[in-house]
1. Which condition does Leu69 not pass, out of (1) of a type in the set (A, V, I, L, M, F, W, C); (2) open to solvent by 70 Å² or more (accessible area, probe 1.4 Å); (3) within 11 Å of ligand 2 (Cβ to nearest atom), if it passes all the others?
2. Open to solvent by less than 20 Å² (accessible area, probe 1.4 Å) and β-branched (Val, Ile, Thr), is that true of Ile111?
3. Pull up the range 72-92, narrow it to residues that are within 16 Å of ligand 2 (Cβ to nearest atom) and open to solvent by 80 Å² or more (accessible area, probe 1.4 Å), then point me to the one that is nearest to the chain's Cα centre (by Cα).
4. Considering the range 3-41 alone, what residues qualify as being of a type in the set (A, V, I, L, M) and either near ligand 2 (Cβ under 9 Å from one of its atoms) or closer than 23 Å to Glu54 by Cβ (or both)?
5. From the list Trp143, Trp96, pick out the single residue that is more than 30 Å from Thr29 (Cβ to Cβ) and within 16 Å of ligand 2 (Cβ to nearest atom).
6. Out of all the residues in the range 6-18, which are part of a loop (DSSP other than H, G, I, E, B) and surrounded by 14 or more Cβ atoms within 10 Å (Cβ to Cβ)?
7. Please state which of the following conditions His116 fails to meet, knowing it meets all the rest: (1) within 14 Å of ligand 1 (Cβ to nearest atom); (2) surrounded by 16 or more Cβ atoms within 10 Å (Cβ to Cβ); (3) modelled with pLDDT of 90 or more.
8. Looking only at strands (runs of 3 or more DSSP E) that lie completely in the range 51-118, which have at least 3 residues being in contact with an Asp or Glu (Cβ under 6 Å, 6 or more places away or on another chain)?
Amino acid sequence: MPFFCQRCGECCSLMSQIHRIEHQVSEHTFELYNVYNGERTIVRIDPDKISLYEDRSIFEQLPEACPFLRRDPNQKEIICTIHLTRPELCREFGCWRLLILDPDGNRAGRIMGSRHLGADDTSLLEFWESEVATFRTLDDDSWDRAVIQVLERRGYQVMTSETNPSCGRR
Ligand code: SF4
Ligand code: SF4
């Protein structure tokens, strides 16, 4: 299955260090400057997110978040308010290669890069350290197969992202 974003907001929460609003073109249109690669992108607040954009309370908890990141009114999802015109960097980004869900469908962890586990749940971490550590001599394809098999046996569901991941944060 293709990469899909669970809208946790982690990857956008320090992005003010990269995305800088260079100037305001019109009321809801901005020129965004990427301080690392020099890319400039004209972005617009999505028409259905204008009132959300005006709520800046997210910066009380995440002062270094991307200037376009917002928390939705029920506080459960993190939203990119320029999703339709977001920069290429954000379109291409996918944070996981393998997504691990617990039996209730909640995110238990992500495999990022070739083998790095980002665990959301301590029981997965303990299981990982005792079981998956023994796979370290396998080549990458065999490692993936072995990891998926052992996790599924344990009751987790594992999703694999295909190439060309795209962040679906919106
Ligand atoms: S891409 Fe989505 S799921 Fe991954 S860290 Fe960013 S917001 Fe979270
Ligand atoms: S996805 Fe949106 S909120 Fe996140 S860094 Fe990119 S522009 Fe900012």
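1. (2)
2. Details: open to solvent by less than 20 Å² (accessible area, probe 1.4 Å): yes; β-branched (Val, Ile, Thr): yes.
Yes.
3. Across the range 72-92, the extreme among qualifying residues is Glu92.
4. Step one: of the range 3-41, the residues of a type in the set (A, V, I, L, M) are 14-15, 18, 21, 25, 32, 35.
Answer for the range 3-41, where residues must be of a type in the set (A, V, I, L, M) and either near ligand 2 (Cβ under 9 Å from one of its atoms) or closer than 23 Å to Glu54 by Cβ (or both): Leu14, Met15, Ile18, Ile21, Val25, Leu32.
5. Answer to the check: Trp96.
6. As a first pass, look at the range 6-18 and keep what is part of a loop (DSSP other than H, G, I, E, B): 6-9, 13-14, 18.
Within the range 6-18, Gln6, Arg7, Cys8, Gly9, Ser13, Ile18 qualify.
7. Every listed condition holds for His116 apart from (2).
8. Counting at least 3 such residues, we get 107-112.
The values are calculated or read from the model by the stated rules, or taken from the named source; none is laboratory data. Just so we're clear, the structure is a prediction, and the values are computed from it rather than from any experiment. Note that we place each Cβ from the backbone using ideal geometry, even for glycine, and neighbour counts take in every protein chain shown. To get the accessible areas, we keep the full protein, side chains included, count just its heavy atoms, and leave off ligands, DNA and RNA. Shrake-Rupley method; radii C 1.70, N 1.55, O 1.52, S 1.80 Å.
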